[in-house]
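The values are calculated or read from the model by the stated rules, or taken from the named source; none is laboratory data. Since this is a predicted model, take the numbers as computed values, not measurements. Counting neighbours? That spans all protein chains shown, and the Cβs are built from the backbone with ideal geometry, glycine included. Heads up: the accessible areas ignore ligands, DNA and RNA and are worked out on the full protein's heavy atoms, side chains in. Shrake-Rupley method; radii C 1.70, N 1.55, O 1.52, S 1.80 Å.
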Protein chains: 2
Amino acid sequence: MRVSQVLVPTLREVPAEAEVVSQKLMLRAGLIRKSAAGIYTYLPLGLRILKKIEQIVREEMDAKGGQEVLLPIVQPAELWRETGRWDVYGPEMFRVTDRHEREFCLGPTHEEIVTDLVRGEVRSYKQLPLLLYQIQNKYRDERRPRFGLMRGREFVMKDLYSFDRDEAGLAESYNKMYDAYTRIFSRCGLTFRPVEADAGAIGGSGGTHEFMVLADSGEAAVVYCPDCDYAANVEKAECSPHPIESETVNGEYERVATPDSKTIDQVSDFLGLGKHELVKSILYQGDDQIFLVLVRGDREINEIKLNNMLGPFVNLQLAAAETVRETLGCEPGFVGPINAAKDLKIVADLEVPLMKRAACGANQPDQHYVNVLPERDFRMDQVFDLRMVNAGEKCPKCGGSLQEARGIEVGQVFKLGTKYSKALNATFLDENGQEKPCVMGCYGVGVSRTIAAAIEQNNDKDGIIWPIPIAPFHVILVPVSMKDTQVAETADKLYEEMRKAGVEVIIDDRDERPGVKFKDADLVGYPLRVTVGSKTLAEGKVELRFRKSGEMELVKVEELTARVKEIITEALK
Amino acid sequence: MRVSQVLVPTLREVPAEAEVVSQKLMLRAGLIRKSAAGIYTYLPLGLRILKKIEQIVREEMDAKGGQEVLLPIVQPAELWRETGRWDVYGPEMFRVTDRHEREFCLGPTHEEIVTDLVRGEVRSYKQLPLLLYQIQNKYRDERRPRFGLMRGREFVMKDLYSFDRDEAGLAESYNKMYDAYTRIFSRCGLTFRPVEADAGAIGGSGGTHEFMVLADSGEAAVVYCPDCDYAANVEKAECSPHPIESETVNGEYERVATPDSKTIDQVSDFLGLGKHELVKSILYQGDDQIFLVLVRGDREINEIKLNNMLGPFVNLQLAAAETVRETLGCEPGFVGPINAAKDLKIVADLEVPLMKRAACGANQPDQHYVNVLPERDFRMDQVFDLRMVNAGEKCPKCGGSLQEARGIEVGQVFKLGTKYSKALNATFLDENGQEKPCVMGCYGVGVSRTIAAAIEQNNDKDGIIWPIPIAPFHVILVPVSMKDTQVAETADKLYEEMRKAGVEVIIDDRDERPGVKFKDADLVGYPLRVTVGSKTLAEGKVELRFRKSGEMELVKVEELTARVKEIITEALK
């Protein structure tokens, strides 16, 4: 390909609309353009990258026996009503009404459609397992679409659905996909981690892993153990209690005045106690239930865990100040569990009962209790792991010291169980002629999001640094002058030679200054740059530069193609 | 691929929903399934076919310098308002409102989006010509979606848009696309014709050709000349007048009673005159204009031509009986031009003034005039070609005898001119620094429709007959018994051998009777079938059968792969 003949409108300025690095660089490098909030056009180079990722995904799905199909984007409401999700989905679902007043949605996901297909075609256990996938646009009407391809309203996903005879079959399909995903993101040249994730209310059978591309800008926090393969989304990560050695209080608890001390920090300062000596007491409201949640003052409440254990709630949130006043008779900053009304449910993290000397709010303005002993001084109706993990805590698997990282979720594998097959009656006859619901899994890769994640992980001040497997072209050939006949001709010869050798090469044949060409090459992020200039040509050489390391080497003209092929072959292994 | 491991749910019965052959066969062959009216899922084999056509299209677009992009499906209403098409499009456009009450449509076409892109990126004549294309879903909310992929609501199209400096550039881009389309449908192995088509009101510069796959079941009628390359949609085909030799009337016209004779046939019978001796007089209403249209009695009025010359009208139709009574004071069957009111516009086909002796309605019940001489006896305000062509007429290009055929429109190339670039202000600076609007063309291939058209053209009572270039697999290998070890092993060996040789082969490894396998193979329509049975194996041979001709040949096992490759290579040339 020739730069002069392809639409790569690079920009020197950062477009005002861009908030994150990947978005800025994709716009500046001329890979995408915005059409509307969260809706983008892929320009030629952007589409090349998208297709490369698609192709890697496709090969790995096929290798595991996945069958590619293409399901409709526009889906009838009736199917979503059968599973009850038409009403649950809320404003995130784009809805369409046709000329005959029939309702449809733009598929945010395809469980309904694919299960409807399978219930029509599968009769016997002999037809299972069945792994169907597609690569296609999905739609989600985000409240605040932003960050470019990171959180769009129209985006490309690969989604595979597995149909098995039983849980054992599902486990096998799940493992296949887990392997495939590991291969996909490895093949893309990305640093990633599969992490245990929260299955939430949706998960019939429960198991799920998220695949996280590690990047400091990632929205998700994960913990991992450097000593074993444990890794989890912080939302999911199990917390074992870390009791703190101290003397047990003797004597009654006492009330002390804590004027203007509402936050944990303020109370800790005022009382001269460690935060771990305080009981953080927060009133929550889950739909129409109200309950008091206790954790140690140095910990954070994990609402996902709360919701899983006590819910699922449609709406779980901190109780409003007014509700706190009505329930406990005080302002939010002074809430505590002592003398709480009998009908108020109190739930506590595992560490709370282990506290031997504590302070907590007194449910009165500017008042706290000290010398409190949990259980002796207040009841806990339910005690479970309800807190967020912290870096440095013990690995629940091997006891190593957990580390924290940030990641961008690019894939998820999920055991659905029989939720959809039961709702839609997708059954089969087993060996004994018994009718059974298919046991399902679903497995998504955010294909367009992977582009953004790759950039978040691989960039510098000059632009993108593409991993070779997903680069729009492997090599950019830069003749420093198109007017120097020898330079132009050598460049052209090398271009043709590399092309014929199967190298993905683009030549910057524009009549521009070398500085402009170099800047654009760095911005777009081609892994290898070959500079053809008169000075090195005098010695029969060209300059080969690695975008990632900045290293350069002089290579004989006649050896260039072989050298380039060697580098690429190594990277694609 | 193994039949046992791919979802090809063939059906013996024709689904009740199916109306046309291609739809019946695609459902029966397990290529597609219906999700909603006009909305389909592509099953694995159907998707393979779709992708083969896409790939042929892509290669030919790339060969002409087309750059592939991916434009959004969900498009903001504002852009469509800029060109005025938001209101014009009517109920065929699916409309969506997002959570913030902003309006969008599901793109039925992409002129607005692509012109918006280009106005943002193109500044200079040096950036032109620019040919951008995509292959993607389109949406049209048909009133009666039917005929499967022939007329769907969600369908796959390739659309390319060309941007040029001037009309000469547009002509060049147009010719490139015309060539590319010719290559595409040839490469698909289809019998087709590019035909001149009507540009209608939309066409700025006017030129347009439709690419028609010929099939008796086609919705469109075309005429073509066997002696030259002239071919046109009957709506568009130019008609030269074919005067009829007869004596000129002498004497006045006379009124005769024609009781109960309203139609041309009845009047012709009653008066004992040829239909070519009658003037067919029809009152039309175009929006709020009324006019009288005259053609010879043996001809049909072409409303497209009427509309092009006198309109464009939003609504052009036969005048209602009541309007006829009000305007002419008689019933529709007796309308004629003689003594028509002065303010009634009369338009006539080219052949009418050439009539030397005619009969026509007398604007009175059961009355006609005979011995009428046009121009002497009635005025004609405008005379132009306004009729439909007939088979057997002279070719307007070479004088040969036109023949009629039916076709399915699978592609259209269209000169848009500056309609969209002006409306959206997509301009460039020319060599002299003058700002000019880009001159545009648009070029569509109905990719999913081409599948249906291919089947309409290539089928028999047993099923589909795929042209090799777009067949889901080139060869089906049928072991007549999976229990006969020698048969099963030989089949497996041949399968692996062909695969390794790059043959697209599928093996029917199911434990089914040979009759079932043969029926399925014929139904799906694989071009070549290789039957492995013990009888021929005894002689070291297998049977190679051609789906299209039904011919069979016995081939030595060790020569099969070479023979198959030879046939396929020849077909893909």
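A few remarks follow.
- Calculated label separations, A:ASP287, copies of the chain, 7 Å along the beta-carbon direction, nm: 5.9
- Extreme residue, positive dipole direction of segment A:449-573, given options A:GLY533, A:MET498, A:VAL475 (C-beta unit charges): A:VAL475
- With Cα atoms defining each centre, segment A:384-457 and segment B:122-154 are spaced 37 Å apart in the structure.
- Using all pairs of distinct alpha-carbon atoms, the Kirkwood hydrodynamic radius of chain B works out to 27.5 angstrom.
- Take A:ALA320, move 7 Å from Cα toward the beta carbon, and the resulting point lies 5.8 nm from the same point in each other copy, nearest first.
- Rolling a 1.4 Å probe across the protein heavy atoms gives chain A an accessible surface of 41 Å² per residue.
- Exceeding the 22 Å Cα-Cα cut-off - candidates B:LYS345/B:LYS419; A:LYS280/A:LYS342; B:LYS51/B:LYS461; A:LYS483/A:LYS548; B:LYS483/B:LYS517; A:LYS500/B:LYS158: B:LYS345/B:LYS419; B:LYS51/B:LYS461; A:LYS483/A:LYS548; A:LYS500/B:LYS158
- Backbone phi angles across segment B:144-149, fed through the Karplus curve with coefficients 6.51, -1.76 and 1.60 (θ = phi - 60°), yield HN-Hα couplings of 10, x, 6, 6, x, 6 Hz in residue order; Gly and Pro are listed as x.
- Across the options A:PRO15, A:VAL249, A:VAL413, the greatest Cα extent toward the positive end of the charge dipole of chain A (unit charges at beta carbon of Lys, Arg, Asp, Glu) belongs to A:PRO15.
- Spin-label proximity, A:GLU496 to segment A:555-571 - amide N less than 18 Å from point 7 Å beyond Cα toward beta carbon: A:557-562
- Here the relative contact order of segment B:107-154, from alpha carbon pairs under 8 Å that lie six or more residues apart, stands at 35 percent.
- Rounded to the nearest 20 debye, dipole of segment B:178-306 from Cβ charges on Lys, Arg, Asp, Glu: 320
- Between identical copies, the spacing of A:ALA538 label points, each set 7 Å from Cα toward the C-beta atom, reads 8.4 nm from nearest to farthest.
- Hydrodynamic radius of segment B:254-383 per Kirkwood, over alpha carbon pairs, in Å: 14.5
- Carbon/sulfur fraction of accessible area - the protein assembly as shown, other protein chains in place, 1.4 Å, %: 46
- Relative contact order for segment A:490-563: 24 percent, from Cα pairs under 8 Å spaced at least 6 residues apart, divided by residue count.
- The HN-Hα couplings worked out from phi for segment A:520-536 by the Karplus form 6.51 cos²θ - 1.76 cosθ + 1.60 (θ = phi - 60°) are 5, 4, 5, 5, 5, x, 4, x, 10, 10, 10, 9, 10, x, 5, 5, 6 Hz, whole numbers, x standing for Gly and Pro.
- For the axis carrying chain A to chain B: nearest C-beta residue of A, whole Å: A:VAL96, 3
- Between A:SER35 and A:TYR40, A:THR41, the built amide H atoms are under 5 Å apart, and every one of these is 5 or more places off in sequence or on another chain.
- Ordering of B:28-34, A:496-502, A:385-391, B:387-393 by packing [mean C-beta count within 10 Å, highest first]: B:28-34, A:385-391, B:387-393, A:496-502
- Each 20 Å bin from zero up to the one holding the largest Cα-Cα distance in the protein assembly as shown carries the following percent of pairs: 10, 31, 32, 18, 7, 2, 0.
- FRET efficiency estimate (nearest 0.05) - Cβ-Cβ, B:ALA171 to B:GLU247, R0 30 angstrom: 0.05
- For segment B:254-261, Karplus couplings with θ = phi - 60° (6.51, -1.76, 1.60), whole Hz, Gly/Pro x: 10, 8, 10, 7, 10, x, 6, 9
- Across segment A:254-383, Cα pairs under 8 Å and at least six residues apart give a relative contact order of 30 percent.
- Partner chain coverage, peptide A:70-79 - average Cβ within 10 angstrom: 6
- Per residue, the convex hull spanned by the Cα atoms of segment A:401-524 measures out at 235 cubic angstrom.
- Here the Debye sum runs over all C-alpha atoms of segment B:141-296 as equal scatterers in vacuum, and log10 of I(q)/I(0) at q = 0.09, 0.11, 0.19 Å⁻¹ comes out as -0.55, -0.77, -1.37.
- Nonlocal amide H pairs with A:LYS345, under 5 Å, H built at 1.01 Å: A:LEU292
- Segments A:243-256, A:43-56 sorted - mean Cβ within 10 Å per residue, highest first: A:43-56, A:243-256
- Protein accessible surface hidden between B and A, which excludes ligands and nucleic acids, total in Å², probe 1.4 Å: 4200
- Inter-chain shielding of A:34-45 (mean C-beta neighbours from other protein chains, 10 Å cut-off): 6
- When all alpha carbon pairs of segment B:1-58 are counted in 10 Å bins from zero, the resulting P(r) reads 22, 49, 26, 2 %.
- Scaling against 2.2 N^0.38 Å puts the C-alpha radius of gyration of segment A:81-190 at 1.29.
- In segment B:138-161, the residues that give up 10 Å² or more of accessible area when the other protein chains are added, compared with the chain on its own (1.4 Å probe), are B:TYR139, B:ASP141, B:ARG143, B:ARG153, B:GLU154.
- All-pairs alpha carbon distance profile, segment A:473-572, 10 Å steps from 0, percent: 17, 55, 27, 1
- Ratio of Rg to Rh over segment A:416-474 (Cα coordinates, Kirkwood Rh, two decimals): 1.41
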